[in-house]
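In what follows, a single structure is set out as structure tokens and then discussed.
The values are calculated or read from the model by the stated rules, or taken from the named source; none is laboratory data. Values in this document were obtained by computation on a predicted structure and should not be read as measured data. Counting neighbours? That spans all protein chains shown, and the Cβs are built from the backbone with ideal geometry, glycine included. For the accessible areas, the whole protein counts, side chains as well, though only heavy atoms, and no ligand, DNA or RNA atoms are used. Shrake-Rupley method; radii C 1.70, N 1.55, O 1.52, S 1.80 Å.
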Amino acid sequence: MYTNLEKIRGNVGFCPQKDFLLMHDSVYDNLKFFAEIKKVLPVRMDSEIERVMTQLGLLHFKEMPAQSLSGGFKRKLSIGIALINNPKIIIMDEPTSGMDPVSRRTFWDIIKELKKENKTVIFTTQILDEAEVLADRVAIMSKGNLFAMGSPDFIKKKFGSGYTLSLNDKENSMEILSKGMDITQRVHRIIPTAIRNYDAAPNVLEYTLPFSEQRRFAELFAELESMKDVQVSYFSQWGVIDPWKKINLRMTTLEEVFVGLELDEDRVEPKEIPAAVTGEGNQIPAGFFKDKAPSFVDLLMAVIVQKKYNALRNKAYLLVTWLPILFMFGGIALSSRLTDKKVSS
């Protein structure tokens with residue numbers, strides 16, 4: 001890694017949070033500049049740039065200066081710079097910020113294609129739905145602390161509250177509330193640990209069902225279906241939800257997990273969940289890094305190691321850093337010898 005930096009540059013793509021573009025140059029010239037940095041061969045330069053522009057919908061803006069692009073297209077250009085030369089590892093910092101929903105969906109499709117090509121994509125985002133759709137592994141951070149890391153399903157099952165069951169009548173009116181007591185009794189009779197959410201919309205009954213009670217869901221749905229004017233929502237064979245059914249069951253979302261962890265960050269101690277979970281790889285539990293802040297010695301050693309590798313990569317760094325020090329000590333030694341000679345004479 002430290003001796004083949006030029007090769008690494010060609011295999012790693014990076015999209016920063018803030019657009020780093022040559023504002024007075026065209027879209028084509030921006031991509032060409034970074035393609036040359038990544039050592040793209042002149043023979044395939046034009047075809048590679050055209051591939052990236054076509055993939056991101058930038059072909060019509062080929063000759064337009066970067067400063068004339070909208071915020072969303074500037075983000076696309078930054079992503080294009082990261083994708084140039086077809087790198088194996090791609091790192092992106094909030095790549096979809098400033099994009100409209102259509103462009104964001106296009107980006108999602110690109111990431112899915114990159115995954116099919118066995119590329120490693122590391123990205124940060126504040127849109128947790130995006131992380132849930134795209135990521136195989138998710139790390140949730142807040143206030144500088146890493147709360148949890150693992151697959152989306154692992155995080156939702158470990159730190160989520162369960163499934164959310166919501167009910168309303170056919171007319172979407174307030175009449176469902178008159179049946180609230182009866183429905184709540186039926187739900188509690190089958191799943192005693194179910195919790196009613198009184199913060200739901202006025203015309204909706206909402207319950208939280210624990211993950212451990214999944215085996216009783218079929219019995220619960222059969223009970224609710226038997227009630228007049230209350231029916232269960234389902235997916236047809238074409239994947240379309242019947243709009244006339246008024247019961248919905250959904251799993252805890254990553255966003256709800258994140259809000260819960262942030263509001264109650266002291267809830268889970270590292271000792272409660274093992275660092276390795278069967279079937280999920282090495283998982284880091286909530287609060288794992290909380291009490292492991294680096295000491296002053298650790299920070300000092302990190303700086304020394306960083307300087308060491310900087311010197312190995314750039315020989316001129318040795319001259320700039322150590323040559324003045326050598327001259328200083330040489331001058332001190334020479335001055336001491338001259339002083340000793342004068343005293344002896």
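VAL27 satisfies every condition listed in (1) in contact (Cβ under 8 Å) with a residue 12 or more places away in the chain; (2) under 26 Å from the mean Cα position of the chain (by Cα) except (2). As for region 146-164, it holds no residue that is without any contact (Cβ under 8 Å) to a residue 24 or more places away in the chain, in contact with a helix residue (DSSP H, G or I) (Cβ under 9 Å, 6 or more places away or on another chain) and basic (Lys, Arg). Can you name every residue in region 101-131 that is farther than 23 Å from VAL40 by Cβ, in a loop (DSSP other than H, G, I, E, B) and out of contact with any helix residue (DSSP H, G or I) (no Cβ under 6 Å at 6 or more places or on another chain)? Hits for region 101-131 are GLN126, ILE127.
Annotation note: of LEU69, LEU22, LEU31, the sole residue that is modelled with pLDDT of 90 or more and open to solvent by less than 70 Å² (accessible area, probe 1.4 Å) is LEU31.
Does any residue of region 60-67 turn out to be assigned to a loop (DSSP other than H, G, I, E, B) and either in contact (Cβ under 8 Å) with a residue 40 or more places away in the chain or of a type in the set (A, V, I, L, M) (or both)?
Yes, the conditions are met somewhere in region 60-67.
Does region 146-166 contain any residue that is open to solvent by 70 Å² or more (accessible area, probe 1.4 Å) and within 30 Å of PHE14 (Cβ to Cβ)? Within region 146-166, one or more residues are open to solvent by 70 Å² or more (accessible area, probe 1.4 Å) and within 30 Å of PHE14 (Cβ to Cβ). Residues that are surrounded by fewer than 14 Cβ atoms within 10 Å (Cβ to Cβ) and not in a helix (DSSP H, G or I) within region 179-193 comprise PRO192, THR193, listed in sequence order. The set of residues in region 160-194 being under 32 Å from the mean Cα position of the chain (by Cα) and modelled with pLDDT under 80 consists of GLY160, SER161.
Scanning region 6-19 for residues that are part of a helix (DSSP H, G or I) and open to solvent by 60 Å² or more (accessible area, probe 1.4 Å) turns up GLU6, LYS7, ARG9. Of all residue pairs spaced 6 or more apart or on separate chains, those with beta-carbon atoms under 6 Å, a first member in region 5-17 that is under 20 Å from ASN310 (Cα atoms) and a second member that is buried (at least 16 other Cβ atoms within 10 Å of the Cβ) and among the basic types (Lys, Arg) are ARG9/LYS38; GLY10/LYS38. The number of residues in region 1-40 being touching a helix residue (DSSP H, G or I) at 6+ places or on another chain (Cβ under 8 Å), among the basic types (Lys, Arg) and over 20 Å from GLU63 (Cβ atoms) comes to 3.
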